[in-house]
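For reference, the structure is listed below as structure tokens.
The values are calculated or read from the model by the stated rules, or taken from the named source; none is laboratory data. Predicted, not measured: the structure shown is a model, and the values here were computed from it. Neighbour counts are summed over all protein chains in view; Cβ atoms, including those assigned to glycine, are modelled from backbone coordinates with ideal geometry. For the accessible areas, the whole protein counts, side chains as well, though only heavy atoms, and no ligand, DNA or RNA atoms are used. Shrake-Rupley method; radii C 1.70, N 1.55, O 1.52, S 1.80 Å.
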Amino acid sequence: MSQRKFAAFDIDGTLIDSAEANCRFHNTLNKKYGGREVSFQEFRKMLYSYPMRAVKKLCCPDMTEEKLDEASKYGLSIYPSFHKYIKLNKNVKEVLEKLKNSFRLGIVTSRIGI
């Protein structure tokens, strides 16, 4: 019996695009915690790869560590409401469907926590 090969995919940017969801999420937190609103273009270019706390420090520079902790907890509680803005990238379903019988499939990410 032959073993199937393994294929791993990065999730964000390969399988999905969460940029709009994350931009909306961060602007919601920025508004609540006195930070500045960022345009989608600015977010995509400069902030997209940063974790939540780093974005809050950049957009709300006067936040204390205590407020950052509060914003992080609040952010984790509201993030699921932004899932509706996550887009599945083109042809993902078709590609995975074609590969699933020949490969063991996995997902990887470099995204870290808060």
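Condition first: open to solvent by less than 30 Å² (accessible area, probe 1.4 Å) and either at positive phi or not polar (S, T, N, Q) (or both). Now tell me which residues in the range 20-44 satisfy that.
Within the range 20-44, Ala21, Cys23, Phe25, His26, Leu29, Gly35, Val38, Phe43 qualify.
Given the conditions (1) part of a helix (DSSP H, G or I); (2) touching a residue at least 40 places away in the same chain (Cβ under 8 Å); (3) out of contact with any Leu (no Cβ under 7 Å at 6 or more places or on another chain), report the number of the one that Glu70 does not fulfil.
It is condition (2) that Glu70 fails.
May I ask you to list the residues in the range 45-67 that are open to solvent by 100 Å² or more (accessible area, probe 1.4 Å), in a helix (DSSP H, G or I) and within 18 Å of Ala21 (Cβ to Cβ)?
Residues satisfying the conditions are Lys45, Met46.
Could you list, in sequence order, the residues of the range 8-19 that are out of contact with any Ser or Thr (no Cβ under 9 Å at 6 or more places or on another chain), open to solvent by less than 50 Å² (accessible area, probe 1.4 Å) and not in a loop (DSSP other than H, G, I, E, B)?
Let us first name the residues in the range 8-19 that are out of contact with any Ser or Thr (no Cβ under 9 Å at 6 or more places or on another chain), namely 8-9, 13-19.
Cutting the leftovers down to open to solvent by less than 50 Å² (accessible area, probe 1.4 Å) gives us 9, 15-19.
If the condition is that a residue be out of contact with any Ser or Thr (no Cβ under 9 Å at 6 or more places or on another chain), open to solvent by less than 50 Å² (accessible area, probe 1.4 Å) and not in a loop (DSSP other than H, G, I, E, B), then Phe9, Ile16, Asp17, Ala19 are the ones that fit.
Go through the range 73-114 and give me each residue that's within 14 Å of Ser18 (Cα to Cα) and part of a strand (DSSP E or B).
Answer for the range 73-114, where residues must be within 14 Å of Ser18 (Cα to Cα) and part of a strand (DSSP E or B): Lys87, Leu88.
Arg104 versus (1) closer than 20 Å to Gly13 by Cβ; (2) touching a strand residue (DSSP E or B) at 6+ places or on another chain (Cβ under 6 Å); (3) open to solvent by 50 Å² or more (accessible area, probe 1.4 Å): which is the lone unmet condition?
With respect to (1) closer than 20 Å to Gly13 by Cβ; (2) touching a strand residue (DSSP E or B) at 6+ places or on another chain (Cβ under 6 Å); (3) open to solvent by 50 Å² or more (accessible area, probe 1.4 Å), Arg104 is out only on (1).
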